[in-house]
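The values are calculated or read from the model by the stated rules, or taken from the named source; none is laboratory data. This is a predicted model, so every value here is computed, not measured. Glycine gets a Cβ as well: all are built from the backbone with ideal geometry, and neighbour counts include every protein chain shown.
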Amino acid sequence: MDNNIESLKSAGLSEREALTYLDLQQYGESQTGKICERTRIPSSQIYTLLSSLLEKGLVNFKIVNNVKVFRASDPDSLAVLFEEKEKQIEEEKKQLLESISKMKVVPSEISKLSDFKYFSGIRGIKSLYIEITNAWKSGDEYYIASAPLESFHKLEGFFLDVVHKKRIKDKVKLKIITNKNSKKYGMSRKKMQLTEVRYLDVETKTEYGVLNDYFFLISYGKEPYGLLIKDSNFAETYKTFFELMWGLAKA
């Protein structure tokens with residue numbers, strides 16, 4: 001750790017900037033409280049440090065429920081900073097690149113965080129669907145399984161005005177299995193282009209979907225939330241499950 005801090009300082013970072021960056025690089029996505037807890041940097045200073053790292057391109061963030069979640073940028077970004085001093089400090093640059101090489105060996109469970117997203121609340125579920133609509137290409141087909149009555153009650157206007165409107169414009173096919181008590185909404189979808197609907201004699205409060213390499217799972221319970229995973233193994237497995245249910249479902 002100490003060697004990495006010295007290398008980052010040679011690229012123009014302060015000691016606490018280097019400590020903050022290395023903490024995010026090691027532990028992955030974090031809120032400021034966790035960074036302060038691990039690094040023992042006072043909370044009164046952490047936003048100043050993160051703002052400086054943002055300006056240097058070494059940190060980025062996303063917003064979950066109006067809270068910023070920070071993560072380290074690719075370690076290769078450090079080399080860009082160092083190029084400004086390349087003529088004077090070639091030896092220090094060599095040490096930095098050695099540190100970068102070591103830092104790239106990240107535990108697989110951390111690297112997979114970039115393939116996984118959590119969305120909270122109805123607004124979050126809308127954001128999840130927006131990502132899906134932006135991911136498909138003309139001619140694609142996607143699948144929704146066991147769409148519950150609650151999903152239509154909470155999001156029907158959004159589904160019709162945003163998701164299906166864009167889907168039909170983009171010529172994307174949909175196969176959807178709905179619960180037995182959602183036939184009213186299934187019938188409206190049967191009238192849509194590029195849409196097939198079937199029904200299962202079940203009642204659930206969750207649904208899942210598959211689009212290419214994306215798998216998403218949504219719960220419409222008391223506190224709705226959604227999970228979006230980009231992973232071909234998940235997607236292929238749940239597409240297979242869908243096809244099994246499709247064979248059992250009734251038109």
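For residues that are closer than 30 Å to Gly139 by Cβ and not in a loop (DSSP other than H, G, I, E, B), tally how many sit in the range 206-225.
11
Being free of Cβ contacts under 8 Å to residues at least 12 places away in the same chain and either small (Gly, Ala, Ser) or crowded, with 16+ Cβ neighbours inside 10 Å (or both) is the filter here; which residues of the range 143-158 pass it?
Scanning the range 143-158 gives a single hit, Gly157.
Scan (1) surrounded by 14 or more Cβ atoms within 10 Å (Cβ to Cβ); (2) out of contact with any helix residue (DSSP H, G or I) (no Cβ under 7 Å at 6 or more places or on another chain); (3) not aromatic (Phe, Trp, Tyr) for the single condition Leu211 breaks and write down its number.
The single condition Leu211 does not satisfy is (2).
Out of (1) part of a strand (DSSP E or B); (2) touching a Ser or Thr at 6+ places or on another chain (Cβ under 6 Å); (3) farther than 17 Å from Phe216 by Cβ, what's the single condition that is false for Lys171?
(1)
Anything in the range 228-251 that is over 16 Å from Thr178 (Cα atoms) and surrounded by fewer than 16 Cβ atoms within 10 Å (Cβ to Cβ)? List them, or say none.
Asp231, Ser232, Asn233, Glu236, Thr237, Thr240
Looking only at the range 157-182, how many residues end up being within 20 Å of Val202 (Cβ to Cβ) and modelled with pLDDT of 90 or more?
Total satisfying the criteria: 5.
From (1) under 27 Å from Glu236 (Cβ atoms); (2) more than 21 Å from the chain's Cα centre (by Cα); (3) aromatic (Phe, Trp, Tyr), pick out the condition that doesn't hold for Tyr208.
(2)
Mind counting the residues in the range 30-57 that are part of a loop (DSSP other than H, G, I, E, B), surrounded by 12 or more Cβ atoms within 10 Å (Cβ to Cβ) and without any contact (Cβ under 8 Å) to a residue 40 or more places away in the chain?
Result for the range 30-57: 3.
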